[in-house]
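Laboratory data are not the source of any read-out in this text; all were calculated from the coordinates shown. Computed from a predicted model, the values in this text were never measured in an experiment. As a convention, Cβ positions derive from the backbone with ideal geometry for all residues, glycine included, and neighbour counts pool all protein chains shown.
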Amino acid sequence: MKIFISYIFIFFIPTFTHALVIEDARHLWSRTGFSNSEFILNDYSDYSRDEAVALMLDSGAYTAPVTTLLEFDDDLYLKTKNKSIPFKDRRKIKRSLKKSDRKKMIEWWHREILSSDNALQEKMVVFWHGHFAAQPGKVLVPYMVEQSQIFRKNALGSFKTMLKDVMHNPTIHQFLDNTKNTAKKPNENLARELLELYTMGEGDHYSEQDIKNLAKALSGIYDDYNTKKTKVNYRRKDNSFITLFGHTGTIGMDKAIELILDHPNTSKFIALKLWKEFVSQDPSVDKLKQLSRLFYESDYDIKTLVSEILSSTEFWSENNRNNMIKSPFDLISSSKIIIDFPSSDLLSLPAKMQQSGQKLFEPPDVNGWLGGRRWINSDLIIARQALLGKYIKKVVSFYKKAGQNPSALEKAVNRAESEKYQYFAIGSSIENNPNKRLHKRIKSVLLDHRFNFK
């Protein structure tokens with residue numbers, strides 16, 4: 001009888017789940033792109049941590065850009081490829097296109113960030129753009145726009161698909177001079193960075209000979225503007241027999257990518273980089289091994305990996321909260337918790353964001369944005385304050401004008417004075433002063449030093 005009662009008691013022990021409290025909701029919100037979804041801002045207490053993570057990841061599923069995609073003068077771009085046109089004329093056309101279209105491209109992305117409701121997707125686009133870093137100085141602008149769409153479509157999708165699509169897009173081939181890589185004149189730039197920065201990371205898991213052989217596999221590639229993809233000129237490709245990660249033969253780019261994805265260090269390196277993005281700098285050896293195995297066995301499914309990261313005890317630990325410094329992109333994205341950007345082009349953000357240390361579509365070098373404490377020094381602190389200050393002032397002025405939306409300004413002030421929204425913004429509540437001017441009441445939250453952390 002005693003045994004029977006014990007079994008009944010054990011059977012009815014409820015499974016313990018963590019229901020979200022506001023501290024949890026803010027942590028998940030701040031690390032996943034500052035979503036404006038109802039479930040995280042208002043209904044968080046209805047969900048457990050696991051349920052909230054699942055909803056957040058579902059909210060980051062691919063959505064097409066809200067703002068109209070850019071169109072380019074394809075005839076002019078094709079002229080830059082037409083060798084019957086004198087070189088000086090082609091160079092003049094290229095410079096003119098680069099100057100105008102570069103500006104259009106950068107402004108387009110800023111408008112998309114401010115307009116999109118898919119905060120997690122845009123966060124991941126910035127992350128992958130920093131991972132596969134390139135600049136428009138050496139790359140045709142339409143190729144970079146195509147590349148950004150690859151990141152958007154695969155933001156939480158398949159890393160395998162993303163890597164293949166990125167390698168079939170001309171952007172990093174032009175940026176790293178791989179279009180100059182031929183059998184007669186090898187160039188190892190892309191081969192080296194493909195292993196060191198994009199897939200396996202630095203270490204002794206590949207040799208200098210592997211890099212040389214990978215360069216041979218990537219040789220003979222050129223860009224085709226009509227398709228916005230790479231093609232192979234087999235007369236310029238090195239077709240010699242090589243050995244790459246245990247495979248011997250005549251190897252091309254697709255086979256090389258397959259071999260890289262089969263290497264255990266690729267899943268490990270990407271898992272580590274995503275852990276650092278969402279949690280902390282140093283996972284335990286066992287945790288990294290577990291995440292690496294999961295990522296590999298999921299066939300490089302990014303959502304599966306991020307779900308495991310966000311569900312980990314380490315992610316929810318008090319030691320890993322509110323200790324990351326926001327990027328300039330984060331500052332603007334998270335400001336939407338208080339003030340909505342109007343559907344207008346009244347404010348050009350790229351220059352101010354650049355002064356704050358981040359210019360979208362133009363990471364500083366092949367390493368991308370290194371972030372962390374590099375976002376803050378004496379000069380950047382002032383620039384960050386100026387970025388937010390000008391942003392607030394411009395938006396408030398817009399809403400105050402006759403004929404605009406006065407309720408949007410009232411909503412912003414109400415949020416700035418709401419304890420809940422103050423907590424999401426800065427992790428605390430502050431004393432309100434109704435005698436302050438409207439933009440200063442908003443500034444009291446967004447210019448609080450705690451707004452710099454997530």
Worksheet item: How large is ³J(HN,Hα), in whole Hz, for each residue of the stretch 170-176 in order, when computed from phi with the Karplus curve 6.51 cos²θ - 1.76 cosθ + 1.60 and θ = phi - 60°, using x for Gly and Pro?
Response: x, 3, 6, 5, 5, 4, 9
Worksheet item: Applying the Karplus parametrisation 6.51 cos²θ - 1.76 cosθ + 1.60 with θ = phi - 60° to the phi angles of the stretch 278-293, what ³J(HN,Hα) value in whole Hz is obtained for each residue in order, glycine and proline being reported as x?
Response: 9, 10, 6, 6, 10, x, 5, 4, 5, 5, 5, 5, 5, 5, 4, 5
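Averaging sequence separations of C-alpha pairs under 8 Å and six or more residues apart, then dividing by the length of the chain, give the relative contact order as a whole percent.
This gives 15 percent for the chain.
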Item to complete: Take each of the peptides 88-98, 297-307, average the number of other beta-carbon atoms within 10 Å over its residues, and list them starting from the highest.
Response: 297-307, 88-98
Discussion item. As a footprinting exposure proxy, order GLU23, GLU122 by other Cβ within 10 Å, with the fewest listed first.
Written reply: GLU23, GLU122
Discussion item. I'd like the Karplus ³J(HN,Hα) series for the stretch 361-377: coefficients 6.51, -1.76, 1.60, θ = phi - 60°, whole numbers in Hz, and an x wherever there's a Gly or Pro.
Written reply: 6, 9, x, x, 6, 5, 7, x, 8, 7, x, x, 5, 5, 6, 10, 9
Worksheet item: About its Cα centre, how strong a charge dipole does the stretch 74-262 have in debye, to the nearest 20, once Lys and Arg get +1 and Asp and Glu get -1 at the Cβ?
Response: 1360
Worksheet item: Ordered by packing density, taken as the mean number of other Cβ atoms within 10 Å over each peptide's residues, highest first, how do 190-200, 444-454, 71-81 rank?
Response: 190-200, 444-454, 71-81
Worksheet entry | For Rg and Dmax of the Cα atoms in Å, calculated from these coordinates, the label among (1) 28.4, 103; (2) 26.3, 101; (3) 24.7, 98 | (3)
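What list do you get for HIS173, HIS110 if you sort them by fewest beta carbons within 10 Å? Working shown, then result.
Working: HIS173 26, HIS110 21.
Starting with the residue having the fewest Cβ neighbours, the order is HIS110, HIS173.
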Discussion item. If each DSSP helix of 4+ residues adds -39,500 (n - 2.57) and the sum is divided by the residues in the chain, what number results at 222 nm, nearest 500 deg cm²/dmol?
Written reply: -16000 deg cm²/dmol
Worksheet entry | Ordering of 26-37, 238-249 by packing [mean C-beta count within 10 Å, highest first] | 26-37, 238-249
Discussion item. Placing unit charges on C-beta atoms (Lys and Arg positive, Asp and Glu negative, everything else neutral), compute the dipole magnitude of the chain about its Cα centre in debye, rounded to 20.
Written reply: 2240
